[in-house]
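Remarks on the structure that follows.
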Amino acid sequence: MKSVLVLGAGTMGSGIAQVFAQAGFKVFLRDIEINLVEKGLTTINKNLERLVNKGKLTLEDKQEIIGRIKGIVNIEEAQNVDLVVEGIVENIEVKKKVFAELDEIFPANTIFATNTSSLSITDLAAVTKRPEKVIGMHFFNPVPVMQLVEVIKGVATSEETYQTICDLVRQLGKTPVTVNEAPGFVVNRLLIPMINEAAYLLMEGVATAEDIDTAMRLGANHPMGPLALADLIGLDVCLAIMETLHKEFGDDKYRPCPLLRKMVRAGHLGRKTQRGFYQYT
Ligand code: CAA
């Protein structure tokens, strides 16, 4: 594999594009508006700049990495890609529409991976004529730092596609874990209910946000507390995952916390809107 198209230039998409380019791949980074593409490219530039300032990357390397990424709006500008990694909004209907479009555009041997954080790979694969070439490739935020990629097999994913993607993850310098499709996969099935429970603790007045986070940092050795982590992930993403778990399992233990819902309605989505459980200005 030499070339990849990343769909979505947001937090995850730009991070994914960066790690592919750093590993030597030619990358097309696509979003629906040019200003979104440019925002993603600016984030990548800043991240690489930080590495240069720390002496972990030369200026020449940085320029080469940037040179391997081409920002685009029109998908058809992405020529000869071996893989598409989709990192767009967490909405099954929108994703299905995009997968059906991709299926028309790209040759039958192109693998389609989704970075969905909890939706069904099988559902997405079913709208294409290549379900054996559709797979979950779930990265973690911040993508350049986090070592894990969950590789999720849908019902129809072939062994060949699965092996190709596991090898690719290692080529990116990351570690794959194999997950058979289930709502929330492994990490989010454990992590997001914990965040949801932290929101309940806050809503019930059991402790302040700062104390909840300090408790988990110092009492469970987590690198950051659950509410600060929710702000990093995005409260809208956390809510979408809880809703998927609740709907798919039909068990009220996954009921989204009303405070989480209220904050999303207010547009307090975390770091990306400068306000979530904490203020970022
Ligand atoms: N982009 C790139 N690099 C970043 C970064 C970012 N957004 N944030 C931090 N870094 C780098 C720093 O530059 C630093 O690099 P060096 O070691 O080379 O100096 C390194 O990460 C550590 O950063 P800091 O020293 O600033 O801060 P820290 O030690 O507190 O680490 C953290 C920051 C890596 C975010 C750490 O707090 C952490 O691991 N938090 C938990 C993150 C986590 O759980 N992510 C998973 C979320 S779930 C998810 O993403 C899946 C989903 O579907 C919802």
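The values are calculated or read from the model by the stated rules, or taken from the named source; none is laboratory data. Note that the structure is predicted; figures quoted are calculated from it, not measured. Here the Cβ positions follow ideal geometry from the backbone for every residue, glycine too, while neighbour counts run over all protein chains shown. Ligands, DNA and RNA are stripped out before the accessible areas are found, and what is left, the full protein with its side chains, is counted by its heavy atoms. Shrake-Rupley method; radii C 1.70, N 1.55, O 1.52, S 1.80 Å.
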>> Just to be sure I understand the model, the point goes 7 Å from the Cα along the line to the Cβ. What's the resulting Q79 to T58 distance in nm?
In response: 3.0
> For segment 4-142, how many pairs of lysine residues have a Cα-Cα distance under 18 Å, where the two are 8 or more positions apart or belong to different chains?
Replying inline: 16
> With labels modelled as points extended 7 Å from the Cα through the Cβ direction, what inter-label distance (nm, one decimal) is found for L232 paired with Q147?
Replying inline: 1.5
> Could you give the dipole magnitude of the chain about its Cα centre, charging the beta-carbon of Lys and Arg +1 and that of Asp and Glu -1, in debye to the nearest 20?
Replying inline: 500
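Quick one: with all protein chains in place, what share of the accessible area of segment 3-180 is carbon or sulfur, to the nearest percent (1.4 Å probe)?
Carbon plus sulfur share of accessible area: 52 percent.
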> Where does helix 92-105 land angle-wise versus the long Cα axis of the chain, in degrees 0 to 90, nearest 10?
Replying inline: 10
> So how strong a dipole does segment 62-139 carry about its Cα centre when Lys and Arg Cβ are +1 and Asp and Glu Cβ are -1, to the nearest 20 debye?
Replying inline: 140
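Let a ≥ b ≥ c be the square roots of the eigenvalues of the Cα gyration tensor of segment 189-273; is it rounded (a/c under 1.5), or, if not, prolate (a/b larger than b/c) or oblate?
Prolate, because a/c is 1.5 or more and a/b exceeds b/c.
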> Using a simple charge model, +1 on the beta-carbon of Lys and Arg, -1 on the beta-carbon of Asp and Glu, nothing else, what dipole does segment 126-281 show about its Cα centre, in debye to the nearest 20?
Replying inline: 420
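Rounded to the nearest 5, what % of DSSP beta bridges with both residues in the chain are antiparallel?
Roughly 20 percent of the beta bridges in the chain run antiparallel, per DSSP.
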> Say we join alpha carbon atoms closer than 10 Å with springs in a Gaussian network model of the chain; which of D231, D31, D251 then has the biggest fluctuation?
Replying inline: D251
> Considering only protein heavy atoms, what is the solvent-accessible area of C166 at a probe of 1.4 Å, reported in Å² to the nearest 10?
Replying inline: 10
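What net charge do the residues around D211 carry, taking every other residue with its C-beta under 14 Å from that of D211, with Lys and Arg at +1 and Asp and Glu at -1?
Net local charge, D211 excluded: -2.
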> What net charge do the residues around K97 carry, taking every other residue with its C-beta under 12 Å from that of K97, with Lys and Arg at +1 and Asp and Glu at -1?
Replying inline: -3
> Considering only protein heavy atoms, what per residue accessible area in square angstrom results for segment 3-180 with a 1.4 angstrom probe?
Replying inline: 45
>> Apply the Karplus curve 6.51 cos²θ - 1.76 cosθ + 1.60, θ = phi - 60°, to the phi angles in segment 143-154 and return the couplings in whole Hz, x for Gly and Pro.
In response: 3, x, 9, 6, 7, 8, 10, 7, 9, 10, 8, x
>> How big is the chain along each principal axis, measuring the range of its Cα positions in Å and listing the largest first?
In response: 55, 46, 32
>> Of the candidates P107, P131, P226, which one comes out as most mobile in a Gaussian network treatment of the chain with C-alpha springs shorter than 10 Å?
In response: P107
> Per the helix-only calculation at 222 nm, which mean residue ellipticity applies to the chain, given -39500 (n - 2.57) for every DSSP H run of n ≥ 4 and division by its residues, nearest 500 deg cm²/dmol?
Replying inline: -14500 deg cm²/dmol
> Fully extended, how many nm does the chain gain between F249 and A23 (0.36 nm per residue separation, minus their Cα-Cα distance)?
Replying inline: 77.5 nm
